[in-house]
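Chemist: For reference, the structure I am asking about is given below.
The values are calculated or read from the model by the stated rules, or taken from the named source; none is laboratory data. Model, not experiment: these values are computed from the prediction. Cβ coordinates were reconstructed from backbone atoms using ideal geometry, including for glycine residues, and neighbour counts include every protein chain displayed. Ligands, DNA and RNA are excluded from the accessible area calculation, which covers all protein heavy atoms including side chains. Shrake-Rupley method; radii C 1.70, N 1.55, O 1.52, S 1.80 Å.
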Amino acid sequence: MERPDQCGPGSPAGAMRRLAALLCAALVSLALSAMTALAAFDAPVAIDVRAAGDDEASRLIISFDRPVSVDHKLLGHPYRLVLDFERIGYGFDPDALSFNGLVSTMRYGDMSEDASRMIFELDKPFEVVELSTGSADGLYRLIIDVRRADQETFQAAMLDTMATSSIVARSTKSDRLGAIPLATSTGDGPFTIVLDAGHGGIDSGAVGVGGTREKDVVLKFARQMRAELEEVPGVRVVMTREDDIFIPLDERVRFARQHSADLFVSLHADSVRQSYVRGATVYTISDRASDSVAAEIAESENLSDSIAGIVREDERSPVTDILVDLARQETLGFSVQFARLAVSHISRTSRIINNPHRFAGFRVLRAPDVPSVLVELGYLSNREDEKLLNRPEWRAALAEELAAAVTEFAELSGRRLVAGTGAPAE
């Protein structure tokens, strides 16, 4: 016979049963919530990703809750298989992914509001033997068989897939705009600032020592700074991205010119090898970097397109139009002017790096007619900076000071910021 004091409602065994029941109920609730969220997402959802094989051949299997269409291409340096989809969701646990065989790592994310991408990195040159689909257990599977190849075979396959890939190659709104002429500001109308939250989508940017993703924290800051600036009469704020999507570097520059921006501010929180480096930094463009840290940051930022699998066209020949050259020189002067104002304001509330105004060849600052700066809010490679970047009150204080710098710059540029001249943010 069981003793009441051992198994009754008030006994330790009874307490354990109640705890187990509560845990079970909680797990069921979480599962139902996840299923509801996935069901509400009106697009195919990737449920599972697996890769297995050896150094000679591997099979990649991606399971979806419904059929999908896919385009693929190959990229080198490093060797990558790029899969492009119409917009999909991600229902798998990224921490549970593991790969073996030829496949080593994976990245994924949204390239736009209607396109998504998965990138698989492989250790050796390869070729796609077969790409097929199938279904089982209510899931739809994309199956890709790859095998090791020599460099010549890989190169030929890469050129072939790049020529036939369609989803990412299709025309975008900016492509249809064609060449955008130099913006001309008359001093009338609102002062337009473009806030550029760096990275996004498949490109996470830097990852802090505590796991903070650059793309997330700079978007939070951009929204905070927008809120501050929207309180200033006569200032119009637009953002290059409103959510977690990827935007190529040249597209960010084009966006600023398309909106006839009076100022372009690109927001970042990078990581550098020297973990002791911390504090805010303001960068302007230059063909030659001011120092090794600036050069490292510029090199990292300019790789953003490559990380997302974007193949950039060859650079155009140097522009010789004297009017464009003069515009660049004048614009650089305004960029430096704002950089100094920004440093002055940032130092009132936040730590700044030694020699806080630096310069390097940032591709995102290349607009010849829009004053442009890149602001490193802090460095995620430093634990103290990462802690600050995750504090809403710290971000709010810094956003307020940067907004004040923008206001001062607008007034110095001859713009009268008075009620009634503003425009709603887009």
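Chemist: What nm value, rounded to one decimal, do you get for the distance between Leu303 and Glu230 when each label is placed 7 Å out toward the C-beta?
Modeler: 3.6 nm
Chemist: Going toward the positive end of the dipole of the stretch 190-284, with +1 on Lys and Arg Cβ and -1 on Asp and Glu Cβ, which of Ala206, Ile245, Val272 do you reach last?
Modeler: Projecting each Cα onto the dipole axis, the largest value belongs to Val272.
Chemist: Still on this structure, I have one more. For Glu408 and Asn355 in one chain, what is 0.36 nm times their gap in residues minus the Cα-Cα distance, to one decimal in nm?
Modeler: Full-extension gain reported as 16.9 nm.
Chemist: Take each of the peptides 399-406, 287-294, 376-383, average the number of other beta-carbon atoms within 10 Å over its residues, and list them starting from the highest.
Modeler: Values: 399-406: 22.4, 287-294: 14.6, 376-383: 24.5.
The packing order, highest mean first, is 376-383, 399-406, 287-294.
Chemist: Follow-up. Given labels modelled 7 Å from the Cα in the Cβ direction, how far is it in nm from Asp160 to Ala96?
Modeler: Taking the simple label geometry, Asp160 and Ala96 are separated by 3.7 nm.
Chemist: While we're looking at this one, here's another question. Once R0 is set to 45 Å, what does the formula 1/(1 + (r/R0)^6) return for the Cβ-Cβ distance between Gln258 and Arg66, expressed as a FRET efficiency to the nearest 0.05? Let's see the in-between values first.
Modeler: Values: r = 36 Å, r/R0 = 0.80.
It comes out at approximately 0.80.
Chemist: For the stretch 32-158, with only Lys/Arg (+1) and Asp/Glu (-1) charged at the beta-carbon, what is the dipole magnitude about the Cα centre, in debye rounded to 20?
Modeler: I would put it at about 20 debye.
Chemist: Right, here's the next one. In terms of solvent-accessible area of protein heavy atoms at a 1.4 angstrom probe, what is the ranking of Glu113, Glu214, highest value first?
Modeler: Correct descending sequence by accessible area is Glu113, Glu214.
Chemist: Based on the Cβ-Cβ distance of Leu139 and Gln274, what FRET efficiency does E = 1/(1 + (r/R0)^6) give at R0 = 35 Å, to the nearest 0.05?
Modeler: Working: r = 47 Å, r/R0 = 1.34.
Result of the calculation: an efficiency of 0.15.
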